[in-house]
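Below is one structure, written out as structure tokens; comments come after it.
The values are calculated or read from the model by the stated rules, or taken from the named source; none is laboratory data. Being a predicted model, the structure only gives us computed values, none of them experimental. As a convention, Cβ positions derive from the backbone with ideal geometry for all residues, glycine included, and neighbour counts pool all protein chains shown.
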Amino acid sequence: MEPFAIVCDSSHDLPPEVIKRLRITVVPYTINFGAESSLDEGAMTLEEFAELLDRYDKGKGYPTTAAPPPSRFLEAFRSHVEQGLSRILVITISSKLSKTYDAAARAAEMAKEEYPDSVIEVVDSLTVSMAEGMLVLEAARARDLGCPLQEAKRLVEEMRARVHILAALDTTNYLVKSGRAGRFQHLLGTILRIKPIITAKHGATALYARVPGRMERAVDRIVDEVQRTYKSGVVWVVEGIAPDLREMLIGRLCERVGLDREQILETRMTSTFMVHLGRRVVGVVWEQQPEPA
């Protein structure tokens, strides 16, 4: 069976050691600070990046994020083909949230012109963050079990309907800075002490709930949904820089869902997401029971 390579963008939120161990090629986003730009490749620590964000306000040097151009994907494809891996599976963030899928698809067409014998399949994850990461893990599992490329693609596309993500934000300040939310919404939410919980639905981010009060109540609301729909397997907890919220969420999952600590894996979001969500964010990604017919 001819092996295949796996390529994804940097919004997967998988830990770096997992990416290295599973031999995943990551195509990074661009983060623009005014006239300067850098790639989302971990050049600075998340703590350093968070401190940098707090220095700026909207329109006054606050960073913007940009999808990888087709040329960046094409470079990754060329590298694999020249190493003898002409079959490639690509998984991207939802096409409703970014131009990344379009860039990868265009690069696949360009690679096909250069390498007519290559086969490059691009999958729209229809989700974001570690939910995309779980699809990348599924692709790696299928590859390592010896599945052919098309079978691995089918498994990933089937799994994306079962993967669910919820994340609670302590503040909408960073959404305002990045232009993803209005200042009035932020001020109203601050006055009412509203903690928004967001999710990915039909490929787009959506508001799952508005929870008044402390973050503890938002965490409990997230655990309610996990408890209701959890199927099996591992659960990923994702945080910005909020170890107290992470431990709170993990404790609630163990207590109420009946998970062992070993079933809960931890990761941190990338700089790309921190631009929009800030430090005080915590979320969970899990495989849920299918909805009844």
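Before moving on, here are some points about what is shown:
- Answer from Glu255, Glu247, Glu266, Glu287 - the residue that is at pLDDT 95 or above, acidic (Asp, Glu) and assigned to a strand (DSSP E or B): Glu266
- Enumeration of residues in the range 200-238 that are of a type outside the set (Phe, Trp, Tyr), touching a helix residue (DSSP H, G or I) at 6+ places or on another chain (Cβ under 9 Å), assigned to a strand (DSSP E or B) and touching a residue at least 24 places away in the same chain (Cβ under 8 Å): Ala200, Val211, Val235, Val237, Val238
- Among the residues of the range 49-72, those that are touching a Lys or Arg at 6+ places or on another chain (Cβ under 8 Å) and in a helix (DSSP H, G or I) comprise Ala50, Leu53, Pro70.
- Hey, Val156 more than 16 Å from Thr272 (Cβ to Cβ) and either without any contact (Cβ under 8 Å) to a residue 24 or more places away in the chain or in a strand (DSSP E or B) (or both) or not: no
- Taking the range 91-149 as the range and being within 14 Å of the chain's Cα centre (by Cα), aliphatic (A, V, I, L, M) and within 17 Å of Ala5 (Cα to Cα) as the test, the residues that pass are Ile91, Met134, Leu135, Val136, Leu137.
- Residues satisfying the criterion are absent from the range 83-94 (criterion: under 18 Å from Gly179 (Cβ atoms) and at pLDDT below 95).
- The set of residues from the range 88-107 being surrounded by fewer than 21 Cβ atoms within 10 Å (Cβ to Cβ) and of a type outside the set (Ser, Thr, Tyr) comprises Lys96, Leu97, Lys99, Asp102, Ala105, Arg106.
- Among the residues of this structure, Thr272 does not count as one that is in contact (Cβ under 8 Å) with a residue 60 or more places away in the chain, over 19 Å from Leu46 (Cα atoms) and among the hydroxyl-bearing types (Ser, Thr, Tyr).
- Test for Ile165: is it more than 26 Å from Gly240 (Cβ to Cβ) and among the β-branched types (Val, Ile, Thr): no
- Screening Asp124, Asp117 for residues that are surrounded by fewer than 23 Cβ atoms within 10 Å (Cβ to Cβ), in the same structural domain as Arg154 (by TED's automatic domain parsing), of a type in the set (D, E, K, R) and in contact with a Phe, Trp or Tyr (Cβ under 7 Å, 6 or more places away or on another chain) leaves exactly one candidate, Asp124.
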